[in-house]
1. Within the stretch B:169-300, how many lysine pairs that are 8 or more places apart, or on different chains, have C-alpha atoms less than 20 Å apart?
2. How many nm is it between the label spots at A:Ile144 and A:Ser107, if each spot is 7 Å from the Cα in line with the beta carbon?
3. About its Cα centre, what dipole magnitude does the stretch B:169-300 give when the only charges are +1 on Lys and Arg Cβ and -1 on Asp and Glu Cβ, stated in debye to the nearest 20?
4. Need the C-alpha centroid separation for the stretch B:162-184 versus the stretch A:195-217, integer Å.
5. Roughly how big is the protein assembly as shown's charge dipole about its Cα centre, with Cβ charges of +1 (Lys, Arg) and -1 (Asp, Glu), in debye to the nearest 20?
6. Report Rg (one decimal) and Dmax (nearest whole number) for the stretch A:11-54, counting Cα atoms only, units Å.
7. Distances in nm, one decimal, shortest first, from A:Ser53 to the same residue in every other copy, taking the label point 7 angstrom along Cα→Cβ.
8. Evaluate E = 1/(1 + (r/R0)^6) for A:Thr39 and A:Lys67, where r is the Cβ-Cβ distance and R0 equals 30 Å; express this FRET efficiency to the nearest 0.05.
Protein chains: 2
Amino acid sequence: MKKSDSRRLTIKDLAKELNLSSSTISRVLSNNPRISEATKKLVNDKVKELGFSLDPIASSFRSKKTKSIGVVAPRIDVDFHSKVISGIEDYASELGYQITIFQSKDSYIKEKEILKLLETSLAAGIIICPSLETQKVDHLKKVIKSNIPLVLYDRPIENLDTNIVCINDYQASYDATKHLINTGCKRIAHISGNLNVNIFNKRFEGYKAALVDNDLEFEDALLYQTHNLSYQEGLVAAEKLSKLKNPIDGIVCANDYTASAAVQLFKKLNISIPENISIIGFSNYPISTIIEPNISTIDDNAYYMGNIAAKILIQQIEDKFQKKIDHQEILVKTDLIIRDSTKKVKK
Amino acid sequence: MKKSDSRRLTIKDLAKELNLSSSTISRVLSNNPRISEATKKLVNDKVKELGFSLDPIASSFRSKKTKSIGVVAPRIDVDFHSKVISGIEDYASELGYQITIFQSKDSYIKEKEILKLLETSLAAGIIICPSLETQKVDHLKKVIKSNIPLVLYDRPIENLDTNIVCINDYQASYDATKHLINTGCKRIAHISGNLNVNIFNKRFEGYKAALVDNDLEFEDALLYQTHNLSYQEGLVAAEKLSKLKNPIDGIVCANDYTASAAVQLFKKLNISIPENISIIGFSNYPISTIIEPNISTIDDNAYYMGNIAAKILIQQIEDKFQKKIDHQEILVKTDLIIRDSTKKVKK
DNA sequence: TTTTATTGTGCAAACATTTGCACAATAAAA
DNA sequence: TTTTATTGTGCAAATGTTTGCACAATAAAA
């Protein structure tokens, strides 16, 4: 004969219904071992019957814990980041966490604001790809100090005591270059991104190391550094490289846009791919399967990277008061994808 | 001489500091008109000095309101959706709302679970692109009934009393077709998506209407229906269309992948574009600027669509107890982007 | 001057849950 | 049997904010 107000069901209603105390209900719901199996069943059945669920806000309020993970990316409409976030969401939602997203737009100021907001309360943990502008890291240190688990992805920052998950750019680029060498290329160029950026520098280093390890000579003329690896820049780079007096027979590109450009430019010059020149890209963008010939590339497993980032973050969250995990740099493996723009390895 | 525990600052601490009551602090923070300008300044200064901020959880707990918007997309690593979400985030974060994302993976079951979770508490409002599987809409109706503002995007659902923002697929496709006609095409084919899907049907209808409005004849042979508009299917479609006894001089494609395929196939057949055949795509994928010749297309303004969705949702949230807004279908305008794959309009 | 309206502030309750502590009941050990 | 340990449950406090109501002080109206 209750007032049939449509207020949400609380733990107290359940308690009254079952002649138990709210504490008991609460403990059943958190699976407290002190509760007997009999009452657990009793309560759980009622919970199902009434479709009851805890008020997460009240719960967070009292326990000072949330189930929300803050993810801050430079922007989410970039293929790579959207894949990482997808990987994070899939893993985290499985464990009952929610993902709240923020875009720093690669602005240091904005990144600071976002982190302040996240510290303020709502985050059980934070996964972040630092903005390109970010040089100072006080805001990140503050997060760490305030004991909020933090995981970086994609862009490493030196001297920061936290977990980071990224790919092994050096190795991936080395592998790509090695692949060209294995197929018989003798003079291989590199179209790079901005060499002041950590990951592009490593890609360059990997390329160079593969050359010297295989007794091929590197010379400055083989390197074309672009500003932002755009398709347009790729065209310019390829054109320049095509005019070398000592002609090249392979190009390792730091992404698939420049690789696409190179492919199209050499086609226009009637230099056939891969017979006369092999071209390999990086990142496995959709375009690499559409350009003719399809472009060999390195898959960076962005989705998987998100998975891992979520995994180690949640580990930290849940172990927070137990053993302090030592922080580590996790290198996600990359895959060499061989398509038509590089010659096949002769067996 | 306080205990220097590192517990977060509360409204009470501020109150003590200033010899005021917590109520006053609270009212200053919510800009209550009953508070004098003098005390407002006093409090606000202190707030800045100490870097104080309300505990959003406690606040939500008491007020039963949150600042969190749930966004559920089929998947977030699809170009279109990631752009929409980016648009939502930009607009909403400006107004102090956070975005929590969920992926339905186009599964009806998962979608239902997600909505139940969102109803359970945390959402001030919900923006959703319904899964392809979704036929029954009880779960959506439940959200509406429970008075949580709801906005659909991209995929309309009939007979659902809520706001929806999408593009005018009919009109956009009409415009694309009209563009070909304006440049002199007389026999125009259409590569369509699955015609059982609302938006692809509308694109087809728009195409057909443009033909008849301009005294061009439509015949079944001009329509090639694909299953999922993949690049591969595009190749098959283009090949079939290239063999028509009565040759075509234009193709309207329902996306840019099939358009890319068509361009590449006709190039291979040495049928020059746009001289002998004009090809136009849909959605303005990155690839459309890379394929040679660059592909004319329809830009769907996904980012802007997210903006609008966020805008009308937040309107609803904040007007919740005031005037009941009537629900509307908002059609985001699309842009015809003319590139090299279609002839220029002769002036 | 008295009455009435207005302005600015404080009191205290309420929100739904979690958790330390207490305690009764039962089981195990002495 | 008495003592001690174990098991299962309840009591009540605490969490930080918001808000209806009360009330004092001042201003305006009578």
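Any read-out appearing in this document is the output of simple, stated calculations on the displayed coordinates, not a laboratory observation. Note that this is a predicted model, so its numbers are computed, not measured. Reconstructed Cβ throughout: ideal geometry from the backbone, glycine too, with neighbour counts over all protein chains shown.
1. Qualifying lysine pairs in the stretch B:169-300: 14.
2. 2.7 nm
3. Value, rounded to 20: 340 debye.
4. 49 Å
5. Approximately 2580 debye in magnitude.
6. 9.1, 24
7. 2.7
8. 0.70
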